[in-house]
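J.: One structure follows; several queries about it will come next.
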Ligand code: S3P
């Protein structure tokens, strides 16, 4: 297994946080949700950070946080845009096994469309455009790719377990 951490990447709605929590229960490892950690540190919501300080500031916080994970032994859910910074590709590769969770665009959008806390969600067309632009980035960064389409968490967790131990 590469590095010590398990790092989940993928678009908004791909299940990074839910799968991360389920995996954490199965493996008994701590789980860290980068968005929640950033919100706690900044004392405000992601939407607020985007609105007040801008996306670039947020991306800087993501990069700084990633640098802290080297040598740790945790499960990390990244934010969907973590690869918007080129330097983060190497950081991810250095800290652990990178797993790309994917599902069809319509399914991803269906999962999140009623939620209001994602500043970059947009309408369905812009969401699909963003996904198309990011898909090669996720594929480039990933050591493994796992579908979350019409699958239950225990099945996904089992597949991840097999991949990291295989
Ligand atoms: C973002 C995804 C969000 C969060 C922020 C930006 C993105 O995380 O980091 O709103 O650029 O796709 P989730 O993927 O957990 O929704």
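J.: Counting pairs of alpha carbon atoms under 8 Å apart in space and at least six apart in sequence, what relative contact order in percent does the stretch 1-68 give?
T.: Relative contact order comes out at 17 percent.
J.: Once you keep just the Cα pairs under 8 angstrom separated by 6 or more residues, what percentage relative contact order results for the chain?
T.: Once normalised by length, the contact order is 36 percent.
J.: Go ahead and collect, in residue order, the members of the stretch 1-30 whose backbone nitrogen is under 13 Å from a label point 7 Å along the Cα-Cβ direction of residue 161.
T.: Under 13 Å, as judged by backbone N against the label point of residue 161, lie 22-29 of the stretch 1-30.
J.: Sticking with this one: Calculate, for residue 63 and residue 25, the FRET efficiency according to 1/(1 + (r/R0)^6) with r their C-beta to C-beta distance and R0 22 Å; round to the nearest 0.05.
T.: Rounded to the nearest 0.05, the efficiency is 0.15.
J.: Based on DSSP H runs of at least 4 residues, each adding -39500 (n - 2.57), what is the mean residue ellipticity at 222 nm of the chain after dividing by all its residues, to the nearest 500 deg cm²/dmol?
T.: Calculated from helices alone, the mean residue ellipticity at 222 nm is -16500 deg cm²/dmol.
J.: Compute a Gaussian network model of the chain, connecting alpha carbons closer than 10 Å, and tell me which residue from 116, 37, 78 fluctuates the most.
T.: Result for the chain, Cα springs under 10 Å: 116 fluctuates most.
J.: Build a GNM of the chain with springs between Cα atoms under 10 Å: which of 111, 41, 85 gets the top mean-square fluctuation?
T.: 41
J.: Still on this structure, please answer the following. Using the 10 angstrom Cβ neighbour count as an exposure proxy, how do 110, 118, 152 rank, fewest first?
T.: So the residues, fewest neighbours to most, are 152, 110, 118.
J.: Give the shape of the stretch 12-53 as rounded, prolate or oblate, defined through the alpha-carbon gyration tensor: a ≥ b ≥ c are the square roots of its eigenvalues, a/c under 1.5 means rounded, and otherwise the shape is prolate if a/b is larger than b/c and oblate if not.
T.: Oblate.
J.: Same structure, new question: Any chance you could run the full-extension gain for residue 55 through residue 149? It's 0.36 nm times the residue separation minus the Cα-Cα distance, nm to one decimal.
T.: 30.9 nm
J.: First measure r as the distance between the Cβ atoms of residue 37 and residue 87, then evaluate 1/(1 + (r/R0)^6) with R0 = 25 Å and state the FRET efficiency to the nearest 0.05.
T.: After rounding to 0.05, the efficiency reads 0.85.
Only the coordinates and a few stated rules stand behind these numbers; no lab work does. Note that this is a predicted model, so its numbers are computed, not measured. A quick note on method: Cβ atoms are made from the backbone with ideal geometry, for glycine too, and the neighbour counts reach across all protein chains shown.
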